[in-house]
Amino acid sequence: MLLTVLDLAGIAVFAASGALAAVRARLDTFGVVVLGMTTALGGGIIRDVLLGIHPPATLRDWRYLLVPVVTSLLVFWLHPQVARLRRGVLLADAVGLGLFTVSGTATALAHGVPTYTACLIGMTAGIGGGALRDVLLREIPMVLRKEIYALAALAGGVVVVVGDQLRLPGAPVAIAGAVLIVTIRVLALWRRWNAPVARGIGT
Amino acid sequence: MLLTVLDLAGIAVFAASGALAAVRARLDTFGVVVLGMTTALGGGIIRDVLLGIHPPATLRDWRYLLVPVVTSLLVFWLHPQVARLRRGVLLADAVGLGLFTVSGTATALAHGVPTYTACLIGMTAGIGGGALRDVLLREIPMVLRKEIYALAALAGGVVVVVGDQLRLPGAPVAIAGAVLIVTIRVLALWRRWNAPVARGIGT
Amino acid sequence: MLLTVLDLAGIAVFAASGALAAVRARLDTFGVVVLGMTTALGGGIIRDVLLGIHPPATLRDWRYLLVPVVTSLLVFWLHPQVARLRRGVLLADAVGLGLFTVSGTATALAHGVPTYTACLIGMTAGIGGGALRDVLLREIPMVLRKEIYALAALAGGVVVVVGDQLRLPGAPVAIAGAVLIVTIRVLALWRRWNAPVARGIGT
């Protein structure tokens, strides 16, 4: 139940990030909906394929289909000013990363995999949809770019795994994990937390 | 039996579209064959992974391997004039989209998934190979571009699902679905049916 | 046992090729580690998904995670001169291709798939990680470029399959297969063995 709510919320914000990126790339209605759906459903499908869930849950539940289509169309009709599109993509992507990483980690734990496997599958679920979106638009995925990204997802996944080990109630732990991921990611973007690049790579 | 014929025909035309795109991108013989095979087999492999068929049928049957290799080499040796390459890629892609969407939807129904799951898996099978081809050549996939694409696949998938619900004979329904997809797609390309882009995105 | 050693060695050199490519693309520490891990683990994950191994072995064994992280960080701190980065990527990629193709083919045979299916899954395992690396950096994958690549992998896979059919001991056959792949690939790069491009494609 909690997982379904997290998943649906993550699907909505990832659909928004994909649709905003598509509007920014000047795709038409169809392209906006297809990219919104791919971004929204990609991470969950990769998670289910890795866990051996056939067919993936996101393809079996009509709500998982309706939410990204409606969200993408809403973004298309009501999209904000062009100048704010990039910020919107980044923010929606951060919220989606938080929700999907947490729900992916919890889903993997529920399937009885080891804790670090659950963290990795959760990270993959959180990162996958956005990476697909960027590759399809021929951009280098955010997860490879400057600001902290995979590490933020890992931190949230660890919260879920530790909470599970301590047998804490699932809902507050999941929310804490997601809030942690979004906070790290937004702070990293806002304060431009960068890691060093390799020495000897001149400009 | 019908599914195998549809699959093999789809593999041949998708191999042709991949090989033509590779010739256009000036890849050499090896690149042409590899891209032809990837385009031809990609959609079916994604379909089987989503349905939990291990290993994917396209990797188990030698005909599924021979057809794209021979097709790619034939395209390489006999390829049409350069000026027509783009049109050839688009046409072969449209026929492959029709055949693979229909065979993917029917395969999914035969595995007992819900009807809308079958439509989605069929669409993914039809769209997947061409999307791989375009991403590997660093182009934005056709499914995100201007003309009706995913919607054409959806229409054909719905035909197969409705025919299955009404217990109509499989072969004519499958052919009708594939013809519908190819017709919509060719008309959309020919008449340049475009959907609107978002307001406020100036030139 | 032998498979694990081959896999870990392949993971280390593929991590090095991904990390070097990331340094070359001026990614920061996080990007270098993420690309190193993706390149190192991608091929094995694709192999396990195709064989129906859930969750993939590379996500269940902590050594498979530690090796690429450490390798990527070492490459980041100790990376060679910029001028040699491209050569380093190519060489590490060749060794990884050899090790992963051989271990992938042997793993597939151990799961009882037909011989040509095993060859194909081995090739996919060997090619997959490097293709992911190149797509994420927006480069056309090496497997589509000029020098012999997929054919080198196929040759090594055939060695493993023939050795298996003749019931030869696994370790020397695997090493012979990997050495053959690396030798073909290095010779092809060094002597610039190219295949022809299609006629009629002017400059």
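Rule-based calculations on the coordinates, nothing more; no lab input. Just so we're clear, the structure is a prediction, and the values are computed from it rather than from any experiment. As a convention, Cβ positions derive from the backbone with ideal geometry for all residues, glycine included, and neighbour counts pool all protein chains shown.
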Net charge of neighbours whose Cβ lies under 14 Å from the Cβ of A:Thr115, counting Lys and Arg as +1 and Asp and Glu as -1: 0
Rounded FRET efficiency, nearest 0.05, which uses the C-beta distance separating A:Thr4 from B:Ala176 and R0 of 41 Å: 0.65
Shortest-first nm distances, B:Pro172 label point to equivalent points in other copies (7 Å, Cα→Cβ): 6.5, 6.5
Relative contact order, percent, region B:2-190 [alpha-carbon distance under 8 Å, six or more residues apart]: 25
13 Å beta-carbon shell around A:Thr105, net charge (K/R +1, D/E -1): -1
Measure of compaction for region A:3-87 (Cα Rg per 2.2 N^0.38 Å): 1.10
Of B:Arg133, B:Arg167, B:Arg192, the one that fluctuates the most in a GNM where chain B has Cα springs shorter than 10 Å: B:Arg167
Residue with peak Gaussian network fluctuation, chain B [Cα springs, cutoff 10 Å], from B:Ala15, B:Ala178, B:Ala110: B:Ala110
Euclidean distance between Cα centres, region B:1-40 to region B:122-184, Å: 17
Projected-area mean, chain C, by convex hull of Cα positions, square nanometres: 12.3
7 Å along Cα→Cβ, label-point gaps from A:Arg191 to other copies, nm, shortest first: 5.8, 5.8
Size descriptor, Kirkwood hydrodynamic radius, that averages inverse alpha-carbon separations across the protein assembly as shown, Å: 24.4
Residue with peak Gaussian network fluctuation, chain C [Cα springs, cutoff 10 Å], from C:Phe30, C:Phe100, C:Phe14: C:Phe30
